[in-house]
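Derivation of every value follows stated rules applied to the coordinates shown; laboratory data play no part. Just so it is clear, the model here is predicted, and its values are computed rather than measured. With ideal geometry, Cβ positions are generated from the backbone for all residues, glycine too; neighbour counts draw on all protein chains shown.
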Amino acid sequence: MTPIHKKRVMMGFASMTLLFGIVLGIILWGGFNWSLAMTNTEKFCISCHEMKDNVYQELQETVHFTNRTGVRATCPDCHVPKEWIYKVKRKIQASAELYHKMLGTIDTKEKFEDYRLTMALSEWKRMKANDSRECRNCHNYVSMDLEKQQSRGADQHDPHVWDAMDGKDPTQTCIDCHKGIAHHLPKGWEEAAKKAGL
Amino acid sequence: MKKVILATVAGAVMMIQAPLAMSEEVASLRGDNNLDVEAQMFEKKKQVQVQGGIKRSWDLQPPSIPHDIEKDRVSLQENTCMRCHNKENHEKEKAPEIGETHYKDRDGKTLTKLSSRRYFCRQCHTPQADAPALVENTF
């Protein structure tokens, strides 16, 4: 084997490896993103009866499902962050939900009601900690027309709207007041939320 | 004999007429439509919001609800009316607190929370629509 020949073989090998790597990368990364997108649909969420029979039914009564103009929020719009890093973090946490699905922790209506407070508290905690990030994907203080709100709501939003206009940090976040707007409230939620500082 | 015939005829006439007369008096709310004809739809009305509340029509009338309650839910688990109308929040929410009687149980004892006999708000309190009365009312 001449040195030039050897070099050519080496080059061929290297380029094959590179090509293989690229193709594998596309398949794996694409597959990863595809599975993220697939599991981020309402259809996927309500493929479990726990979600379909309980929370999904409750959602349908609310303004986030039915309203004048037909704009609509789906499960992941509120429960899965849009930004990549937070989304992946939430998806990893969701493996606990798979575990409990296998255990059947909430597989009957009664079990679901027993567990509802725990689940609600953890979701409220998450929303409070991230300043209701998922609400703010659609709702924005600066875009609120207080004139069009009912007087009570307008009064309560007013100071926060001005804070937002001035670029100040919010003193309260959406979930502080707007609990139970898309799902039913658990029994004894008020005391429990107060205790947890929510 | 004549009398008997007369009485029979009169009775027969009465028997035919009586139900006819009655059916004229008792008209159903859906009108004179046949069952296979769809009744005319009522115009849909939104629940109204009235600033400062709705005046009572008589002394002990349970106050009408001066806002819409479409989003409110009352169930075994939750009573969203009480988010604002309870002792703790009513001032902040500028909502009237539930009446004193609502804290009393059946033995007349005063409770710290809404009594379970008063739990179902809409048994007495109703939202209002700005619509003409369906049935004339002289009360």
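Can you give the charge dipole size of the stretch A:36-94 about its Cα centre, rounded to the nearest 20 debye, using +1 on the beta carbon of Lys and Arg and -1 on the beta carbon of Asp and Glu? Don't skip to the answer; put the middle values down first.
Details: 9 positive and 7 negative charges, 65 e Å.
Here the stretch A:36-94 has a charge dipole of around 320 debye.
Mean separation of Cα pairs under 8 Å and 6+ residues apart, divided by the residue count of chain A: what relative contact order is that in percent?
Working: 107 pairs, mean separation 41.4, N = 198.
In percent, rounded to a whole number, it is 21.
Return one number: the angle in degrees, 0 to 90 and rounded to the nearest 10, between the long axis of the Cα atoms of helix A:151-165 and the longest principal axis of the Cα atoms of chain A.
That helix lies at roughly 40 degrees to the long axis.
Quick one: net charge around B:ALA131, please, counting Lys, Arg +1 and Asp, Glu -1 for every other residue with C-beta under 12 Å from its C-beta.
+1
Among the Cys residues of chain A, which have no other cysteine Cβ under 4.7 angstrom away?
Those would be A:CYS48, A:CYS78, A:CYS138, A:CYS177, since no other cysteine Cβ in chain A comes under 4.7 Å of theirs.
For a test of the definition: using alpha carbon positions, the gyration tensor, and the 1.5 limit on a/c, classify the stretch A:49-195 as rounded, prolate or oblate.
In terms of gyration-tensor shape, prolate.
Enter the angle in degrees (range 0 to 90, nearest 10) between the Cα long axis of helix A:3-38 and the first principal axis of the Cα atoms of chain A, meaning the one along which they spread out most.
Helix A:3-38 sits roughly 20 degrees off the main axis of chain A.
Please give the per residue volume of the convex hull enclosing the alpha carbon atoms of the protein assembly as shown, rounded to a whole number of Å³.
Dividing the Cα hull volume of the protein assembly as shown by its residues yields 340 Å³.
When the Cα atoms of the stretch B:46-130 are enclosed in a convex hull and the volume is divided per residue, what value in Å³ results?
112 Å³
Could you tell me the relative contact order of the stretch A:6-114? Use alpha-carbon pairs under 8 Å, at least six residues apart, and round to a whole percent.
19 percent
Sorting A:GLU134, B:GLU88 on the 10 Å Cβ count, fewest up front, what's the list?
Sorted ascending by nearby Cβ count, the order is B:GLU88, A:GLU134.
Name the aspartates and glutamates eligible as straight-distance cross-link partners of B:LYS87: C-alpha to C-alpha under 20 Å, and not fewer than 8 places from it in the same chain.
Cross-link targets: A:ASP176, A:GLU190, A:GLU191, B:ASP72, B:GLU78, B:GLU97, B:GLU100, B:ASP105.
Separation between the A:SER35 and B:GLN77 pseudo-spin-labels, each 7 Å from Cα along Cα→Cβ, expressed in nm?
Reported label-point gap for A:SER35 and B:GLN77 is 3.2 nm.
Excluding residues fewer than 8 places away in the same chain, name every one of the lysines whose C-alpha is closer than 25 Å to that of B:LYS92.
In chain and number order, the partners are A:LYS125, A:LYS128, A:LYS148, A:LYS168, A:LYS179, A:LYS187, A:LYS194, A:LYS195, B:LYS55, B:LYS71, B:LYS104, B:LYS113.
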